[in-house]
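To start, the structure itself, in structure tokens.
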Amino acid sequence: LIDTPGHADFGGQVERVLSMADGVLLVVDAFEGPMPQTRFVLEKAFAQGLSPLVVVNKMDRKDARADAVLGEVFDLFVELGAEELALDFPVAYASARDGWATLDSEQTGSDMQPLLDEILQVIPAPTLDPQQPVRLQVSTLDWDDFVGRIGIGRVERGVLRKGTDVTCVGNDGKRRRGRIKELYRFDGMARIAADEVVAGDIACLAGIDELGLGDTLCDPEAVEPLEPLVLEEPTIEMEFLPNDSPFAGSEGTFVTSRQVAERLERAAWMDPALRVRPGGSHGKLVAGRGVLHLGILTENMRREGYEFQVGKPRVLIKEVDGKKSEPYERARVDLPEDTMGKVIEFFSRRGAEISDMERRGDRAALHFRIPTRGLIGARSPLLSLTRGEGVLSSLTDGYDAWHGELSGRHQGVLVSSHQGKVTGYALRALEDRGEFFVEPGDQVYMGMVVGENNKDEDITLNVSRERKLTNVRSSNKDVVESIRVARKMSLEAYLEYLGDDELLEVTPASLRLRKRKLDEKSRLREKQRTT
């Protein structure tokens, strides 16, 4: 498991991957050291009794500090209660970019053979005994339009054969009989039809009704279920709605509320870490492990031809010991040292508690604990404060007392007052108002957000205004070339930028930010009513 951002957002998936493993290969950066995700992965691995093999990567860098990084890994092992492993854990050194590994930090390898040999020596092989009764635990779910729900898991013992009857034991302990109608094994990343899959291999099977995550498939004559898989609860919820903008249906293939709802329900079948429940206005409320988790779902639906709208991500609040509580995260920011003061001030306004600071040459690392609300929308401002060099990573750290009101987005937005095509003439005249998200030639509609205001209030303006024709000839080329480049944001950046009264229109071809109420008078009346 590579030490990369995103593990915390996919906590359930990491745990399910580990459930199919005999050991864990933990790759850490020779310069940065263990990231917050490292703690998350190790905690899951130790809970399942897996032995780690630590690989220190990027040993080709001149500033590699392998000894210091191993010291940090040692401290992390002790902190997680693995004192025995901390005394003596296997280590390999590698440069994945150059394609070599070695067991000696002072030498440069020629290929990956030392690492592969170490894996075979350290990580135990599965016990292959075809005479034992078969047993498999479903670790991942998939869907196929022809065969329905597909269960994926490692054959823990015995031999799984196509067409045989098995007993399925659910997480609730209930038993039911079923027959394996389709069976596949993996060859690389491809699935290949198979008549049997032996212990140690990963199998894909279909034909059992209501197959669930954590279900154990056993021989009917030897029903011995494994411990059920327990998924961590979601921390973020987001609203999914059918698209009702003036451009609705112009770019997507699946646009109705029924089609969007069916796709979300299917996503919940395949990923039990998602929670889907009814929402207002024919929409659904989808809860997940983080903005990245829900963002990947949104991007997958977009690529499949779905057209819909999403609201601002919100944290899930619950009551702990009679107190209102919210999710917290442990975060780390790697940044230039001369920007540390501005970044500390920024996150302090968002409820962060700084726990540690590290200086490494002209770079520094900040460690802090912060409410999840404080991290939503923080990445774009962080890049501005650090001149694009800041890197933020975090992992969930449970629930704690409600922190109170936090600082959010300070700037207002620029909202289009008319429908039409954006003109360079209009943008040139209005560019002192703020930064635009659109450029000449883009189609806009009334109520669509076209930019960010320099001030903390929303402004409605006409970006499709054309220049009046006169008898005097002039060239528009110089006008267009002098316009500032529009800010283009990714899907995740848009999700973090969203305001409470805004929606993100998602289509296979476009991402458009808009107000929930497109009419300006309706927005003013709503503002007066709430204030």
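The values are calculated or read from the model by the stated rules, or taken from the named source; none is laboratory data. Source: prediction; values computed, not measured. With ideal geometry, Cβ positions are generated from the backbone for all residues, glycine too; neighbour counts draw on all protein chains shown. Calculation scope for accessible area: heavy atoms of the full protein, side chains included, ligands and nucleic acids excluded. Shrake-Rupley method; radii C 1.70, N 1.55, O 1.52, S 1.80 Å.
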- request: Percent of Cα-Cα pairs per 5 Å bin, from 0 to the last occupied bin, for region 178-317, please list those.
  value: 2, 8, 14, 16, 14, 13, 12, 10, 6, 3, 1, 0, 0
- prompt: Shape call for region 93-157 from the C-alpha gyration tensor, a ≥ b ≥ c root eigenvalues: rounded (a/c under 1.5), prolate (a/b greater than b/c) or oblate?
  reply: oblate
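Suppose we take every Cα in region 408-456 and form the convex hull; what volume per residue is that in Å³?
68
How do 139-147, 95-103 rank on mean C-beta neighbours within 10 Å, highest first?
Final packing ranking: 95-103, 139-147.
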message: Can you give me the angle between helix 520-530 and the longest principal axis of the chain, using Cα atoms only, in degrees from 0 to 90, rounded to the nearest 10?
response: 70
- line: Scalar couplings 3J(HN,Hα) for region 185-194 by Karplus 6.51 cos²θ - 1.76 cosθ + 1.60 (θ = phi - 60°), nearest whole Hz, x for Gly and Pro, are 10, 9, 10, x, 9, 8, 9, 10, 4, 9
field: Relative contact order [Cα under 8 Å, 6+ residues apart], the chain, whole percent
entry: 11
query: Which of these values of mean projected area of the Cα convex hull in nm² was calculated from the structure shown: [x] 30.7; [y] 24.2; [z] 32.4?
result: [x]
task: Could you provide, to the nearest whole Å², the per residue accessible area of the chain with probe 1.4 Å?
output: 50
Hz values of 3J(HN,Hα) by residue in region 349-354 - Karplus curve (6.51, -1.76, 1.60), Gly and Pro given as x: 5, 9, x, 7, 10, 5
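State the percentage of accessible surface on the chain attributable to carbon and sulfur atoms; use a 1.4 Å probe and exclude ligands, DNA and RNA.
48
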- line: Mean separation of Cα contacts under 8 Å (at least 6 apart) over the residue count of region 34-136, i.e. the relative contact order in percent, is 23
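Would you work out the charge dipole size for the chain about its Cα centre, treating the Cβ of every Lys and Arg as +1 and the Cβ of every Asp and Glu as -1, and quote it to the nearest 20 debye?
For the chain, the charge dipole is close to 2920 debye.
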- prompt: How large is the helix-only mean residue ellipticity at 222 nm for the chain, computed as the sum of -39500 (n - 2.57) over DSSP H runs with n ≥ 4, divided by its residue count, in deg cm²/dmol to the nearest 500?
  reply: -6500 deg cm²/dmol
task: Would you mind giving the three semi-axes, in whole Å and largest first, of the ellipsoid equivalent to region 261-328 according to its Cα gyration tensor?
output: 25, 13, 12
task: Would you please classify the overall shape of region 340-415 from the alpha carbon gyration tensor, given that a ≥ b ≥ c denote the square roots of the eigenvalues, rounded means a/c under 1.5, and beyond that prolate means a/b larger than b/c while oblate covers the rest?
output: oblate
query: How far is the Cα center of region 97-144 from the Cα center of region 246-307, in Å?
result: 36
message: If you fit an axis through the alpha-carbon atoms of helix 257-270 and take the longest principal axis of the Cα set of the chain, what angle between them do you get, 0 to 90°, nearest 10?
response: 30
Within-14-Å neighbourhood charge of residue 172 [Cβ basis; K, R +1; D, E -1]: 0
- prompt: For region 284-425, what ratio Rg/Rh do Cα atoms give with a Kirkwood hydrodynamic radius?
  reply: 1.04
- request: Over the alpha-carbon set of region 362-455, divide Rg by the Kirkwood Rh and report the Rg/Rh ratio to two decimals.
  value: 1.11
statement: Of all C-alpha pairs within region 374-531, those more than 19 angstrom apart amount in percent to 62
